[in-house]
1. Which far-off residues, 5 or more places away or on another chain, put their amide H under 5 Å from the one on VAL23, with H placed in the peptide plane?
2. Quick check: pseudo-label points 7 Å beyond the Cα along Cα→Cβ at PHE7 and ALA95, how many nm apart are they?
3. Could you give the nm distance between label points at ALA34 and ARG113, where each point is 7 Å from its Cα heading toward the beta carbon?
Amino acid sequence: MKRALQFAVGVGLLPGSAVYALVPSLPAALGTAAVYVGAAYFYLAFDVSLLAPAPRFDERSDRLGYGVGLFGLSVTPILFAHGAGSGDAAVFGFAIAFFGAVAFLTLSEQARRVDERTE
């Protein structure tokens, strides 16, 4: 686990540096780096993957809610870029942070499930 955290910090510094190069804002770069550190930690420490099967829901309303959420996640960066202007570097920085947030949430939930099964 300790080694996973060290590697995760290294992984997080890469997108954080990229965002800082695009948008010279230290808080944005540190926030992005923190998101990627968290995502990389769960990936390395719990051996989970972003390519794992999607969750299955039995109730129709649950499936609908999941579909609406996925739709929102997929179109938000595009709509944000359209509204802000596609030539702006800040939009690309936002997209990097946004995809990191999705990865973090996905991996942390999978890690929680793995941890529950091992108890």
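1. none
2. 2.8 nm
3. 2.7 nm
Coordinate-derived values only; no laboratory data. This is a predicted model, so every value here is computed, not measured. Virtual Cβ from ideal backbone geometry, glycine too; neighbours counted across all protein chains shown.
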